[in-house]
Structure formats: structure tokens, C-alpha cells
Amino acid sequence: MQAWRVHRNGEPSEVMRLEETDRPAPGPGQLLLRVRAANVNFPDALLCRGHYQVRPPLPFTPGVEVCADTEDGRRVIATAALPHGGLAEYALADEADVLPAPGTLDDAEAAALHIGYQTGWFGLHRRAALRAGETLLVHAAAGGVGSAAVQLGKAAGARVIGVVGGPGKAATARALGCDTVVDRHTDDIVTAVKDATGGRGADVVYDPVGGPAYAASAKCVAFEGRIVVVGFAAGDVPAPALNHALVKNYAILGLHWGLYRQKDPAAVRRCHDILTEYAAKGLIKPLVSERVALADAASAVQRVADGTTTGRLAVLPTGSGTPTGARTTGADADAGAAAAGAAGTGGATGEGAAR
């Protein structure tokens with residue numbers, strides 16, 4: 001089979017090599033998966049660089065989430081079991097991490113429904129207890145993680161402010177359903193959030209960026225607001241001033257979704273049921289901006305690492321998963337996202353309603 005492999009750490013475009021190799025052999029409790037689509041995530045770039053919290057042995061195949069077929073013919077989504085990731089024709093997954101793929105989504109969309117949307121749902125509902133009518137501030141709102149949080153926030157009945165970088169991403173954020181869009185290149189985030197909320201600030205902040213984004217969040221979070229720390233795409237891990245959190249009376253909440261897989265796997269499956277229902281109702285639809293062939297996977301990972309993409313990039317090892325009329329360009333993705341964002345405004349209003 002063909003698989004992208006990393007033999008040394010570095011930039012994805014420099015260290016990823018497409019090779020012919022044997023199909024991986026499943027270990028105890030594992031399944032062999034024929035990959036239909038692999039979603040490209042920022043952690044794939046961090047894995048290549050050797051900067052991720054999980055460091056698989058070299059050589060390894062990146063690709064942490066997939067839509068795939070099991071050997072008994074089931075169409076599933078899964079977190080790939082490294083070192084045998086999804087940027088290949090075949091991958092491995094622990095059987096406990098395999099979930100049924102939603103029938104209303106194509107392969108690329110189904111692959112993108114998993115980690116980003118699970119992270120968003122747990123962050124907004126389990127950690128921040130987002131309520132209908134509250135204001136949600138989402139950093140990197142046009143990205144893969146941020147776009148999921150925007151859609152989930154709208155489905156929960158929140159007013160959503162999206163922070164993006166550049167006019168193209170601003171257009172994407174509006175199409176997703178953001179009520180207010182802030183371009184960090186031209187706007188002052190703190191002033192814009194205060195203006196949009198009548199001086200109150202954001203009740204919940206969803207931050208996958210860190211660095212300057214976190215600093216701005218602390219200045220515009222509302223009384224009894226909650227800042228959900230999801231990641232540090234900016235590369236800078238902030239050191240919060242805890243006296244500031246005390247004086248302003250807000251909470252700083254960490255969210256590591258992988259821990260739920262270890263400590264409460266039943267909650268992960270319940271969340272998947274909720275997300276599947278949301279997708280069936282049109283409340284959410286993963287923003288897949290581009291679908292590429294397996295040969296172009298290294299370039300796709302590098303572009304995600306460089307922060308030049310919107311939504312998700314999907315790699316299709318077998319050319320499957322793109323039905324007639326499926327979105328293949330950024331413009332098409334924006335149009336589809338607009339429909340999903342509009343649908344989200346009238347949907348379920350939180351965790352209880354979703355259940």
C-alpha cells in the first residue's frame with residue numbers, strides 16, 4: 001500500500017515521504033481500516049515537528065482522524081492508532097475508538113466531524129456550560145476547530161463573535177453564521193467585543209490560539225465569564241495572571257478532549273450521537289474547503305501548519321467520498337457553510353435540549 005511516513009522530525013513538506021509499505025497488522029483490540037478520507041489537523045503538523053504531546057516512534061504515518069471501511073464492511077469514523085495514521089490507504093484504530101459514520105455526510109465531512117466537533121461540544125457544554133442568549137467569542141473562527149465551535153455555538157442559541165485574520169476568512173466566518181466578525185489584522189479585538197456587547201464582554205471565550213489571542217480574551221471576558229483554553233496554534237503558551245481572574249471574577253478552563261477518551265468513553269459516544277443528530281437536522285456541517293489526492297497530502301499538512309487554510313482539508317487516498325455536487329472549493333464551502341449557519345440559529349438550545 002501507499003503511505004506517507006515521517007523518518008525524522010521537521011516541517012511536514014520536508015520530512016513526509018510517500019512510500020510503498022506493507023499494510024499494518026492489527027494488534028489486540030485493533031481494527032484494520034481502509035481509509036476513505038483523512039482529515040488534516042494541526043496536530044498532524046505538530047507530530048511531524050515532534051512538538052505534539054504524543055510522540056509516536058519513527059517512522060510513523062500522520063493523520064489522526066479518518067472516515068474508513070472496516071473489514072466487515074462498516075463505514076466508520078475513528079481516531080487512528082499511531083504510528084499507523086490515516087494519510088495512507090490503510091490505517092489502524094482501537095476498536096473502542098471506532099464510531100458509525102453519519103449517513104448524512106460524505107466521507108470528507110464525516111472525517112471532519114470527529115475531533116474538532118467533539119472538542120467544541122465538550123468545551124462549550126461540559127466545561128463552559130454555554131447557555132442560550134449568551135455571547136460566545138471564537139478565535140480562529142474560520143479554521144477547522146473554530147468553525148466547529150461557531151456552528152455549535154449557534155446551535156446552542158448563543159450570539160457568536162468570530163475573530164479571523166484577513167477579509168477572505170472574514171467572509172467565511174460570516175457565512176458560517178457569526179453575528180459579528182472581527183479581523184485581528186485591522187480591528188482591535190477588545191474594543192470590537194466591548195462595542196458588540198454594550199461593554200459587557202463575552203460570556204464564553206473559545207481559544208485554540210493562545211498568545212495574543214488569550215491576552216485579548218482576558219481583557220474582554222464578561223463578569224463570571226469562562227475562557228476555554230483549547231490549544232496554542234500561535235506557538236505561545238500564555239501565563240495567566242491569576243490575580244486578574246480573581247479581580248474580574250472569571251474562570252479559566254482547560255479542555256483536553258483526549259482525556260475523555262481515556263476517562264469517560266461513554267461520554268464520547270453520547271456526544272457522537274448528539275453530533276450525528278445535529279448533522280441530520282442540518283444544525284452543523286463540517287466546512288471542508290478542499291479535497292486532495294493522497295499524493296498531495298504533504299502539501300496539505302504544510303498549508304495547515306502555515307495557517308493559510310480555512311475550514312478543513314481532506315485527503316482522499318482512494319478518490320472516494322466526493323459525490324456529485326460535493327464542495328471542492330473555498331467559495332463552494334462558504335455557500336454550504338452559510339446554510340448550516342442559518343439552520344443553527346433555530347436549533348437546540350444546549351446540552352439538555354440536545355439530549
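The values are calculated or read from the model by the stated rules, or taken from the named source; none is laboratory data. Keep in mind that what you see is a predicted model, and the values were worked out from it rather than measured. Neighbour counts are summed over all protein chains in view; Cβ atoms, including those assigned to glycine, are modelled from backbone coordinates with ideal geometry. Calculation scope for accessible area: heavy atoms of the full protein, side chains included, ligands and nucleic acids excluded. Shrake-Rupley method; radii C 1.70, N 1.55, O 1.52, S 1.80 Å.
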* To do: Give, rounded to the nearest 20 debye, the magnitude of the charge dipole that segment 44-125 has about its Cα centre when Lys and Arg contribute +1 at Cβ and Asp and Glu contribute -1 at Cβ.
  => 400
* Structure fact -> Connecting every pair of Cα atoms under 10 Å apart in the chain and solving the GNM, the largest mean-square fluctuation among A37, A251, A140 falls on A251
* Can you tell me the order of 166-174, 180-188, 20-28 when each peptide is scored by its average per-residue count of other Cβ atoms within 10 angstrom, highest first? => 166-174, 180-188, 20-28
* **Summed side-chain charge close to G29 - residues other than G29 whose Cβ falls under 15 Å, Lys, Arg +1, Asp, Glu -1** => -3
* Selected from L152, L253, L33 as most flexible by GNM, with the chain as the system and alpha-carbon contacts under 10 Å -> L253
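Give the percent of DSSP beta bridges with both residues in the chain that are antiparallel, rounded to the nearest 5.
Of all bridge pairs located within the chain, approximately 50 percent are antiparallel.
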* To do: Please state the charge dipole magnitude for the chain, taken about the Cα centre, from unit charges on C-beta atoms (+1 on K and R, -1 on D and E), reported in debye and rounded to the nearest 20.
  => 760
* Treat each spin label as a single point 7 Å out from the Cα along the C-beta direction, and report the V54 to L259 distance in nm. => 1.7
* Asked: Which pairs, out of K169/K285; K263/K285; K194/K219, put more than 21 Å between their alpha-carbon atoms?
  -> K263/K285
* **Sequence of Y250, Y52 from largest to smallest accessible area, 1.4 Å probe** => Y52, Y250
* Asked: Where does the chain land at 222 nm, in deg cm²/dmol rounded to the nearest 500, when only DSSP H runs of n ≥ 4 count, each adding -39500 (n - 2.57), divided by all residues?
  -> -10000 deg cm²/dmol
* Accessible-area order (highest first, 1.4 angstrom probe) of the listed residues S13, S147 -> S13, S147
* **Selection from G120, A245, V209, by position along the positive dipole direction of the chain (Cβ)** => A245
* To do: For the chain, just the Cα set please: Rg and Dmax, both in angstrom.
  => 19.3, 60
* **Selection of GluC sites (Glu not before Pro), segment 49-112, meeting DSSP coil and at most 13 other Cβ within 10 Å** => E71
* **Nearest 10 degrees, 0 to 90: helix 297-306 Cα axis against the chain principal axis** => 20
* How high is the FRET efficiency from T186 to R131, r the C-beta distance, R0 25 Å, rounded to 0.05? -> 0.20
* Under 14 Å Cα-Cα from K281, which aspartates and glutamates qualify once same-chain neighbours fewer than 8 residues away are excluded? -> D273
* At a Förster radius of 35 Å, what calculated FRET efficiency corresponds to the Cβ-Cβ distance of R23 and A96, to the nearest 0.05? -> 0.95
* Any idea which of L99, G311, G199 is furthest toward the positive side of the dipole for the chain, if Lys and Arg beta-carbons carry +1 and Asp and Glu beta-carbons -1? -> G199
* Accessible-area ranking of L124, L18, largest first, probe 1.4 Å -> L18, L124
* Structure fact -> On the accessible surface of the chain, probed at 1.4 Å with all protein chains in place, carbon and sulfur together account for a percent value of 51
* Structure fact -> Note to self: with every protein chain in place and a 1.4 Å probe, the chain gives an accessible area per residue in Å² of 39
